[in-house]
Amino acid sequence: MPDRRRFLQAGTALGAGVMFGAHWKSAWAYAPSPNLAKFIQPLRDVGGPNGIPVAASDGVSGSAVHYSIALEQFQDQLHPQLPNATRLWGYRPSNVATGAARHLGGVIVAQRGTPVRITATNSLPAQHILPVDATIMGAPAAGQPANNATIHLHGGFVPWISDGGPHSWFNPAGQYGQSVVDATGTILYKALNPSLAPGQAEYFYPNGQGARLMWYHDHAIGTTRLNAYAGLASAYVVTDDYENLTMSVGYGVPGPLDPRTKYLIFQDKTFVGPNTSVVDPTWSTVAPGSRPGDLWYEHVAMNARAKKWVPLPPPDPSAMPEFFGDTILVNGTVSPYLEVEPRQYRLRLLNACNSRFLNPRLVFAKGLTPPASTEPQLNAAGPAFLQIGNECGFLPAPVMLNGPKQPMLLLAPAERADLIVDFRNVPVGSLLILYSDAAAPFPTGSALNDYHPANPKTPNSIPGSSPNTRTLLQIRVVALTGGADAPVSLPATAMQNPLDGPFLVQQVPGVPTAVPPGVPVRRLTLNEGFDAYGRLLQTLGTDVPVQPPTLAGVFARAYDDPATEVVNRGATEVWEILNLTADTHPIHFHLVNVQILSRQAFKTNYAGGPPALRSAPIAPDANEMGWKETVRMNPGEVTRVIMKFDLPGGLPFVVPPSARTGGNEYVWHCHILEHEEHDMMRPLVVN
């Protein structure tokens, strides 16, 4: 495949076949972050006086535990060497005082079977802290307030009115998106809470799923990528009796709030530095009020089709094909360290990056004093990972990763991994580096996005400091305090949570699963083309060519085009999704969990209908067995998934139909956020 940073040299968006296209370079040089010393501040834990704030309930509403959460702008010192606290957007629960909010705050810990109700108040300022491209569908017009927001519980089995879909936004002025305002002007959120004030929205989460790590984040159309990058994201932990009794008491797995359980939320950011205005001369215009220490976001693009079709120059600020920051944050702070004792720990990982894939593994540091203590010794492997769960809860069987002749852990944006890591045989005083070198974009990559001292393309990366996207976290092994723990002892099979119900198909590890007889198959496509400004455009579509053809691609359909994925409640379908692009796309399904049946390579001259296959089908990875809700779909492959379109029942209110699509309006989309908004998302309507 061609380099994703070259212009498209062959093929046309109007012709049949796969377009392995290319992204554009910035018109300006990338504005790098300042150098910040690595591993000089501790990891923020979940909860505690110096940790990520955990939301506390402010009462009970019927059968539900109630939370009041404000969406606000605040400041947080993300690294002691940044000259100013970073301006962020985020969630402040009512138990956190005004001015005391912290990045990724508002973590909710929920019990299965006990609903949660949230009253959210949008208090965001009219001026966004990042550049807003007014040409993106649904974005506010230039000069208008850019503070639309909504809350999506990622992975939640919730009624559509509480799903936080793109057109369910609300803002401080009391305006609401078209999905939640009916023809009479009634705000549909009031079906849940008739006393809502302007600028508020209500969400109801039944919490009928088994134990798992979910997260909630913004999903407002036109600004999702910016709002999430600005900080509108936090964790949502569901626990249940199976986790607390069978897994913890029976098998020795540390519980969700055990001190040996560590939550690791990864993000890549870029910070405004003292020379940003020199490298990026329009930054102060597109991001007024920005100062050193604030977040920087790429915003100037070249026209990838200027010599062929499109005369229009891209605007400034412009949407970008992806965004790759140069500095890693874990739990909201830059390059922290974590102290562990010689015990078994449970690490619960979430890739919350906009576009960057991660393949984390443990290696020893080069030495015990800086800068050697901050850099990886790649031929000195640390402990392997035992994966026990993913974004849908516990796996059917544990999977060993990152050891000799074992597969590597790979996390696309939005994927999660629940790991057991054994430090009992690591000598006290050892230093380990959690290391990742996944290609960006994935899978082909560009050296421009791979920040580390040995890369001549990233001269600002120096030993001991960020920018560095390979060294995620330093782990320090300290002396054991107290007695040893009972060892984790897991069954080899039958580990899945029975509270999550039976699987739709029975999978055999290493064996592809055939489409069950009688289950309808829906064929869909992942596409790549251009918009009216010549910018690369990622889209979803069916296998039927669009007429008349457009620059967007043979099968490309815009998010706001009429819905094609319309299903009946209770129906089971297999979706056969063909990736016609050069990227691996993490496709996220709202409402449903899916099982991966198989992947299979197809010939690249695809023109619609059944694809010409060029290899035998292959099974999902061992850690993709069971349920999934974010699925990696690789270039030149068809990925087959099976799902059942159930809806939550037993709700304490009548769910109104969507004012925009009718029925129950959900979406499916790529979770590379820059793809999702430009324009790789489609409605999923359940009748």
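Can we say residue 70 is at pLDDT 50 or above, under 23 Å from residue 128 (Cβ atoms), aliphatic (A, V, I, L, M) and touching a Lys or Arg at 6+ places or on another chain (Cβ under 7 Å)?
yes
Name every residue in the stretch 586-610 that is more than 17 Å from residue 392 (Cβ to Cβ) and either at pLDDT 95 or above or not in a loop (DSSP other than H, G, I, E, B) (or both), in order of residue number.
Within the stretch 586-610, 598, 599, 600, 601, 602 meet the criteria.
So residue 136 fits all but one of (1) within 30 Å of residue 538 (Cβ to Cβ); (2) free of Cβ contacts under 8 Å to residues at least 60 places away in the same chain; what number is the exception?
(2)
If you go through the stretch 435-475 one residue at a time, how many are under 20 Å from residue 336 (Cβ atoms) and not aliphatic (A, V, I, L, M)?
Number satisfying all stated conditions: 17.
Are there any pairs, at least 6 apart or on different chains, whose C-beta atoms fall under 6 Å, with the first in the stretch 599-626 and buried (at least 16 other Cβ atoms within 10 Å of the Cβ) and the second part of a loop (DSSP other than H, G, I, E, B) and of a type in the set (Ser, Thr, Tyr), and if so, which?
601/615
As an exercise: evaluate residue 84 against (1) surrounded by fewer than 20 Cβ atoms within 10 Å (Cβ to Cβ); (2) part of a strand (DSSP E or B) and give the number of the one condition it does not meet.
(2)
Applying the selection to the stretch 427-449, what residues are within 22 Å of residue 31 (Cβ to Cβ) and out of contact with any Phe, Trp or Tyr (no Cβ under 9 Å at 6 or more places or on another chain)?
Of the stretch 427-449, the ones within 22 Å of residue 31 (Cβ to Cβ) are 440-441, 445-449.
Answer for the stretch 427-449, where residues must be within 22 Å of residue 31 (Cβ to Cβ) and out of contact with any Phe, Trp or Tyr (no Cβ under 9 Å at 6 or more places or on another chain): 445, 447.
May I ask you to list pairs of residues, at least six apart or on different chains, whose Cβ atoms are under 7 Å apart, with the first in the stretch 419-435 being farther than 26 Å from residue 395 by Cα and the second being assigned to a strand (DSSP E or B) and among the polar types (S, T, N, Q)?
Going by the 7 Å Cβ cut-off, the qualifying pairs are 431/474; 433/471; 433/474.
Can you tell me which of (1) farther than 21 Å from residue 527 by Cα; (2) in a helix (DSSP H, G or I); (3) not hydroxyl-bearing (Ser, Thr, Tyr) is the one residue 654 doesn't meet?
For residue 654, the exception is condition (2).
Let me confirm something: among 485, 543, which residue is over 30 Å from residue 364 (Cβ atoms), touching a strand residue (DSSP E or B) at 6+ places or on another chain (Cβ under 8 Å) and of a type in the set (Asp, Glu)?
None of the other options fit; the residue is 543.
Would you mind finding the one in 481, 458 that is touching a residue at least 12 places away in the same chain (Cβ under 8 Å), open to solvent by 40 Å² or more (accessible area, probe 1.4 Å) and among the hydroxyl-bearing types (Ser, Thr, Tyr)?
481
Quickly run through the stretch 48-58 and pick out the residues that are modelled with pLDDT of 95 or more and either hydroxyl-bearing (Ser, Thr, Tyr) or farther than 12 Å from residue 108 by Cβ (or both). Don't jump to the end; show me each part of the working.
Within the stretch 48-58, the first condition is being modelled with pLDDT of 95 or more, and the residues that meet it are 51-58.
Of everything in the stretch 48-58, those that are modelled with pLDDT of 95 or more and either hydroxyl-bearing (Ser, Thr, Tyr) or farther than 12 Å from residue 108 by Cβ (or both) turn out to be 51, 57, 58.
How about the stretch 47-64: which of its residues are assigned to a strand (DSSP E or B) and in contact with a Lys or Arg (Cβ under 7 Å, 6 or more places away or on another chain)?
52, 61, 64
Of the residues that make up the stretch 126-147, is at least one out of contact with any His (no Cβ under 7 Å at 6 or more places or on another chain), at pLDDT 95 or above, closer than 13 Å to residue 216 by Cβ and not basic (Lys, Arg)?
No; the residues of the stretch 126-147 include none that is out of contact with any His (no Cβ under 7 Å at 6 or more places or on another chain), at pLDDT 95 or above, closer than 13 Å to residue 216 by Cβ and not basic (Lys, Arg).
Residues are listed down the side, and each one gets a yes or a no for (1) open to solvent by 30 Å² or more (accessible area, probe 1.4 Å); (2) in contact with a Gly (Cβ under 6 Å, 6 or more places away or on another chain); (3) touching a residue at least 24 places away in the same chain (Cβ under 8 Å):
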| site | (1), (2), (3) |
| --- | --- |
| 141 | yes, no, no |
| 144 | yes, no, no |
| 153 | no, no, yes |
| 156 | no, no, yes |
| 162 | no, no, yes |
| 178 | yes, no, yes |
| 181 | yes, no, yes |
| 184 | yes, no, no |
| 192 | no, no, yes |
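Of the conditions (1) touching a Pro at 6+ places or on another chain (Cβ under 6 Å); (2) on the phi > 0 side of the Ramachandran plot, residue 584 fails just one. Which one is it?
(2)
Could you say which residue among 6, 102 is open to solvent by 20 Å² or more (accessible area, probe 1.4 Å) and either at pLDDT 95 or above or within 22 Å of the chain's Cα centre (by Cα) (or both)?
102
Can you report the number of residues in the stretch 324-353 which are assigned to a loop (DSSP other than H, G, I, E, B) and open to solvent by 10 Å² or more (accessible area, probe 1.4 Å)?
4
Return a yes/no flag: does the stretch 316-323 have any residue that is more than 25 Å from residue 585 (Cβ to Cβ) and buried (at least 23 other Cβ atoms within 10 Å of the Cβ).
no
Which one of these does residue 299 not meet: (1) part of a strand (DSSP E or B); (2) buried (at least 23 other Cβ atoms within 10 Å of the Cβ)?
(1)
What's the number of the only condition in (1) in a loop (DSSP other than H, G, I, E, B); (2) crowded, with 19+ Cβ neighbours inside 10 Å that residue 119 fails to meet?
(1)
Tell me which strands (runs of 3 or more DSSP E) are completely within the stretch 489-585 and hold 3 or more residues being under 26 Å from residue 666 (Cα atoms), open to solvent by 30 Å² or more (accessible area, probe 1.4 Å) and modelled with pLDDT of 95 or more, or say none if there are none.
Of the strands (runs of 3 or more DSSP E) lying wholly inside the stretch 489-585, those with at least 3 residues that are under 26 Å from residue 666 (Cα atoms), open to solvent by 30 Å² or more (accessible area, probe 1.4 Å) and modelled with pLDDT of 95 or more span 521-530.
Say we look at the stretch 413-454 and pick out the residues that are charged (D, E, K, R) and in a loop (DSSP other than H, G, I, E, B); which of these is most open to solvent (accessible area, probe 1.4 Å)?
As a first pass, look at the stretch 413-454 and keep what is charged (D, E, K, R): 415-416, 418, 422, 424, 437, 450.
Keeping just the survivors that are in a loop (DSSP other than H, G, I, E, B) gives 415, 424, 437, 450.
Values: 415: 4, 424: 110, 437: 54, 450: 35 Å².
Filtering first and then ranking leaves 424.
Kindly indicate whether any position in the stretch 132-139 is in contact with a strand residue (DSSP E or B) (Cβ under 7 Å, 6 or more places away or on another chain), acidic (Asp, Glu) and open to solvent by less than 10 Å² (accessible area, probe 1.4 Å).
No - not one qualifying residue is present in the stretch 132-139.
The values are calculated or read from the model by the stated rules, or taken from the named source; none is laboratory data. What you see is a predicted model; the values in this text were computed from it and never measured. Quick reminder, even Gly has a Cβ in these numbers, built from the backbone with ideal geometry, and neighbours come from all protein chains shown. Keep in mind that these areas ignore ligands, DNA and RNA; they rest on the heavy atoms of the full protein, side chains included. Shrake-Rupley method; radii C 1.70, N 1.55, O 1.52, S 1.80 Å.
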